[in-house]
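For reference, the structure discussed in these notes is given below.
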Amino acid sequence: MKMQDAMNWTRDRFHSYAFFSSLLLEEPTLEKWLTIQKLSNSGEVPETQKGIKGPEEAQAALERLRQDYYDCFFVPMSGKYVPPYESALRGYQQKPKPSFGKLNTSLTVQVKQHYELTGFDPYGLELFSPLKNIPLADHVGFELAYMTYLCRQEHEARKEARQDKAERWLEIQKEFMADHLLMWIPGMAAALRTLEKGFYAQAIRILEIWLHDDDQDMKNYFSRGGVCVEC
């Protein structure tokens, strides 16, 4: 892979992770909603978001999106709530009724150790205010922001023509993907399809597909000696 090609690949991955993390760390916007519609394979628009024809309809749609955000990730009694934490989602069971595992387990500690070892501070991010008071490292938005951070470190190493260092950052990403994200994001997608059935179910399904594709691209990169099929 040419150096510039590798840098472009890493940059594009950085932007993708940054977008997905912002979906979970910040209140929704209509722009993000439109982006998800464009990325959606089905092209289906959630029923609550149809018919946006003017400023008043747009404001009403935005308020519905915000309410979905709160109901899905902050309000346990909403009927749509899916705890956005790896520890809880690793224990997700669909039947006999949706249920989740415990919060703040050894998995949370493992994720926090990853952050500390690589210099990542999730609380230095731009966050929806209530998240600043949640001391759980395995929040989905934090884990995706961590991948954003690792991509940025990789990109900087490539700019400095430090190939070995860049590939070490990429190796950390591949390991974190295998040990964490791929182990629970599918469960989160399944839970949202059952409980929410709207924008966030759609968004996390797209994230799940993209993570599997990115994982394969990283594996291809290493198996082909630093060549990515995307480049």
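The values are calculated or read from the model by the stated rules, or taken from the named source; none is laboratory data. Just so you know, these numbers come straight off a predicted model, no measurement behind them. In this analysis, Cβ positions are derived from the backbone assuming ideal geometry, glycine residues included, and neighbour counts consider all displayed protein chains. To get the accessible areas, we keep the full protein, side chains included, count just its heavy atoms, and leave off ligands, DNA and RNA. Shrake-Rupley method; radii C 1.70, N 1.55, O 1.52, S 1.80 Å.
Worth a mention:
- Segment 56-69 residues that are farther than 23 Å from Leu195 by Cβ, paired with ones that are assigned to a helix (DSSP H, G or I) (beta carbon under 8 Å, 6 or more apart): Ala58/Leu30
- Screening Val82 against (1) in a loop (DSSP other than H, G, I, E, B); (2) surrounded by fewer than 23 Cβ atoms within 10 Å (Cβ to Cβ) leaves a single unmet condition, (2).
- The residue of segment 85-122 that is farthest from Gly198 (Cα to Cα), among those that are of a type in the set (Asp, Glu) and open to solvent by 20 Å² or more (accessible area, probe 1.4 Å), is Glu116.
- Near pairs, Cβ below 6 angstrom, 6+ apart or cross-chain, from segment 202-221 (of a type outside the set (S, T, N, Q)) to any residue that is outside any helix (DSSP H, G or I) and open to solvent by less than 10 Å² (accessible area, probe 1.4 Å): Asp217/Cys228; Tyr221/Cys228
- Segment 123-136, residues that are in contact (Cβ under 8 Å) with a residue 24 or more places away in the chain and open to solvent by 10 Å² or more (accessible area, probe 1.4 Å): Leu125, Glu126, Leu127, Phe128, Pro130, Leu136
- Tally, over segment 188-207, of residues that are open to solvent by 20 Å² or more (accessible area, probe 1.4 Å) and assigned to a helix (DSSP H, G or I): 7
- Counting only residues that are under 17 Å from the mean Cα position of the chain (by Cα) and assigned to a loop (DSSP other than H, G, I, E, B), segment 121-156 holds 8 of them.
- Pairs with Cβ under 6 Å, 6+ apart, first in segment 169-180 and without any contact (Cβ under 8 Å) to a residue 24 or more places away in the chain and open to solvent by less than 50 Å² (accessible area, probe 1.4 Å), second in a helix (DSSP H, G or I) and of a type outside the set (Gly, Ala, Ser): Trp169/Leu150; Trp169/Gln153; Trp169/Glu154
- Pairs meeting the criteria (first residue in segment 19-38 and crowded, with 18+ Cβ neighbours inside 10 Å, second residue at pLDDT 95 or above and not in a helix (DSSP H, G or I), beta carbons under 7 Å, at least 6 apart or on different chains) are Leu24/Pro84.
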